[in-house]
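Only one structure is covered here, and it is reproduced in the block below.
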Amino acid sequence: MIRIENLAKSFTLHNQGGAVIPVMAGAALAVGPGECVGLTGQSGAGKSTLMRMVYGNYLAAGGRLMVGALDVATAEPRDIIALRRRTLGYVSQFLRVVPRVPTLDVVAEPLLALGSPVDAARDRAASLLKRLNIPERLWSLSPTTFSGGEQQRVNIARGFAHAYPALLLDEPTASLDAANREVVLTLIEEAKARGAAILGIFHDEAARARVCDRLVDVTGFTPGLAA
Amino acid sequence: MTLHSTEFSQKIHDPDQPLLKVDGLTKRYGPRIGCADVSFDLYPGEVLGIVGESGSGKSTLLSCLAGHQRADLGRISYDGRDVLGMSETERRRLSRTDWAYVHQNPRDGLRMGVSAGGNVGERLMAVGARHYGDIRGKAVDWLGRVEIAADRIDDRPTAFSGGMQQRLQIARNLVTGPRLVFMDEPTGGLDVSVQARLLDLLRGLVRDLGLSVIIVTHDLAVVRLLAHRLMVMRSGRVVEQGLTDQVLDDPQHAYTQLLVSSVLQV
C-alpha cells in the first residue's frame, strides 16, 4: 500500500546564504495492507520528515513514494488532495482547526468531506469521542481550549473517523494516560484487522512492541549519520 | 419561481475537467506590471488561495479574472468558453449567473440603503425571479444559512455589525447558485473571533455546494484553513504554487521562505 524507493530530501535555506541541507537519501520501505511499520531513530534523524513526505506536506527531492497507485513525489496537488480525502489519513501531534468549531464537527469533518450524511458522520464522531473518554459536555465546545491530552484524543478520533486504507500516526499515544493509551492501541489493532497499512512513530516502546510488525531505523537514510 | 433552469440550477460539470483555465494572463499599467504570465487550472470544488504583500499583483489578478479589468494578454477559459473573447453582455450575464464576487469591504458589495432581505432578493430578481413569496422565502433561507436571524430581514445593512454585513454579502452572492466565487480579503476588516466564524461558514458552504473559490488574502492563517492550493505572488508574478500546507511548511522559493518566516507566532 505504501512503497518508498530511493527517496531523497534536502532543504535549501535561501535566506541563510542559500545553504543546502541534505536530510535524507536512499530511503526505502514498504508497508502492506494490515501491517504496521514503526519508524525508529534518534530525535532529528528524520522520522517526522519522512512521514510528512509521505503525506505530501514536504516535497521530495528525488525517488518514488507510492501510496496506492499514486506517486506522491511527483503528483499534482489535486491528486494529493483526493488521496488525503479518501485513502491516506494522518494523525499528527498537533491539532489544527478553525477556532470555535465544536469538537463533534471537527471529528465528523473528514466524513462530511467524503459526502457522508451529517447524522451518520456525527454518530460516528460521537462513538469515537465516547470511546476516547472525551466527556459529552465538551463535544459542543471547540477543542482549542482543551488540555494537551484531550486535543491529542480529538485528533485521534478525527484521524480514525474514516476507514482510511493507509494511515500515518505520529506519536499517537504520547501524553495519554493508561486507559486512553489502551483505547488508541485497540483502535490501531482494529484498523490493521480491517486491512489498513500503518506507518507510525512510537516512542512508547511497549506500544511499539504491541502494534508494530516491523521496525525501520531511519538513521540509515540520514546523510552524515549513516556510518 | 419562473427561472430559466439553465441560468439558475447548479449545472452538472465533469469534476475531472477544470472549471477555469488561465493561461499567460498579463496586465500592465503603462510600463508597470500589474500581473504577468499567470497560468493555472481551477477544478470544481477547489479553493485556490493567492497570497502576497500589498502591491504583489494579487488584487489586479483577481479583478482581471473577474472581468473588472481587461487583461492585456493571455487566455481565460471558463467551462470551455473563452471569457476574454466574449461580448460584454455575455460576460455580464456570466458574472450574474455563474460567478460571484465578495469584496473586502461589505459596503462595496451591498446596497446599504436596501433591507437585508432586499439585498438578497434583488439578486434573484436580476436572474428572473418574480414571485414575491418565493423571493422572500429564499432570502430568509439564505439569511439563516449565514446565521442572520429571520427577524433582521427588514433591517438595513447599516444597522449590522461588520461581521454580519460580510455574511450578508456572502448570502447576496451565493443565493443565485454560482459555481465560481472570487473573494478579495473576505475576512480582512473583521475581529479574529468574527473571522473564525466566517471561515467556518465558508468552509461549510464550499463543501456542501461544491463551490470553486479564488481567495486573495495576505493572511497565511486564513489560507491554511480555507485553501486547498496556494499561489504566492511577488512583483506581479507567481513565484511558487502548490498544495497549501506544502507551500507553507516546505516553501521552495526565497520569497515564500521569507514570507512564512515573517509570520508572528501566537
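Just so you know, all these numbers are worked out from the coordinates, no wet-lab data involved. Predicted model only: the values in this text are computed from it and were never measured. Cβ placement follows ideal geometry from the backbone for every residue including glycine, while neighbour counts extend to all protein chains displayed.
Some notes on this structure:
- Normalised per residue, the volume of the convex hull around the Cα set of the range A:181-227 (Å³): 83 Å³
- Cβ-derived FRET efficiency at R0 30 Å, B:ASP154 paired with A:SER140, nearest 0.05: 0.45
- Sorted on the mean count of surrounding Cβ atoms within 10 Å across their residues, most packed first, peptides B:80-93, B:125-138, A:184-197, A:145-158 read A:145-158, A:184-197, B:125-138, B:80-93.
- DSSP-defined antiparallel bridges as percent of all bridges, the protein assembly as shown, nearest 5: 50 percent
- By average C-beta atoms within 10 angstrom, highest first, the peptides B:207-217, A:59-69: B:207-217, A:59-69
- Secondary structure note: in the range A:83-200, about 0% of the DSSP beta bridges are antiparallel.
- Exercise: per-residue mean of other protein chain Cβ atoms within 10 Å, A:54-62: 3
- Helix axis angle, A:148-161 relative to chain A longest principal axis, alpha carbon, degrees: 90 degrees
- Only Cα pairs under 8 Å and 6+ residues apart enter the sum, and on that basis the relative contact order of the range B:103-213 stands at 34 percent.
- Cα long-axis angle, helix A:178-193 against chain A (0 to 90 degrees, to the nearest 10): 70 degrees
- Put in order of Cβ neighbour count within 10 Å, fewest first, the listed residues A:PHE221, A:PHE94 become A:PHE94, A:PHE221.
- Gain upon complete extension [A:ALA120, A:LEU215; 0.36 nm per residue less C-alpha separation]: 30.5 nm
- Debye, to nearest 20: dipole size of chain B, +1 on Lys, Arg Cβ, -1 on Asp, Glu Cβ: 720 debye
- Point-charge dipole on Cβ atoms (K/R +1, D/E -1) for the range A:51-164, about Cα centre, debye to 20: 140 debye
- Leading residue at positive end of dipole, the range A:88-227 (Cβ point charges), from A:SER116, A:THR145, A:LEU132: A:SER116
- Calculated SAXS-style log₁₀ I(q)/I(0) at q = 0.14, 0.17, 0.22 Å⁻¹ - the range B:100-167, Debye, Cα scatterers: -0.38, -0.56, -0.95
- Relative contact order, whole percent, for chain A stands at 31, derived from Cα pairs under 8 Å and 6 or more residues apart.
- The gain in end-to-end length when the A:MET66 to A:ILE21 segment is fully stretched comes to 13.8 nm, 0.36 nm per residue minus the alpha carbon separation.
- Simple rule: put +1 on each Lys or Arg Cβ and -1 on each Asp or Glu Cβ in chain B, find the dipole, and look at B:TYR78, B:VAL213, B:LEU230; the Cα lying farthest toward the positive end is B:TYR78.
- About its Cα centre, chain A has a charge dipole of approximately 280 debye under the convention of +1 per Lys or Arg Cβ and -1 per Asp or Glu Cβ, with nothing else charged.
- Computed from Cα positions, the angle between helix B:116-126 and the longest principal axis of chain B comes to roughly 80 degrees.
- Per-residue average of Cβ from other chains inside 10 Å of A:7-13: 2
- Looking at chain A alone, DSSP beta bridges between its own residues are antiparallel in about 50 percent of cases.
- Shielding of peptide B:253-263 by partners, expressed as the average count of other chain Cβ atoms within 10 Å per residue Cβ, is 2.
- Surrounding net charge for A:GLN151, when Lys and Arg each add one and Asp and Glu each subtract one, Cβ distance under 11 Å: +2
- Computed from the Cβ-Cβ distance with R0 of 30 Å, the FRET efficiency linking B:ASP249 to A:ARG3 stands at 0.80.
- Cα centroid of the range B:47-72 to Cα centroid of the range A:52-68, whole Å: 31 Å
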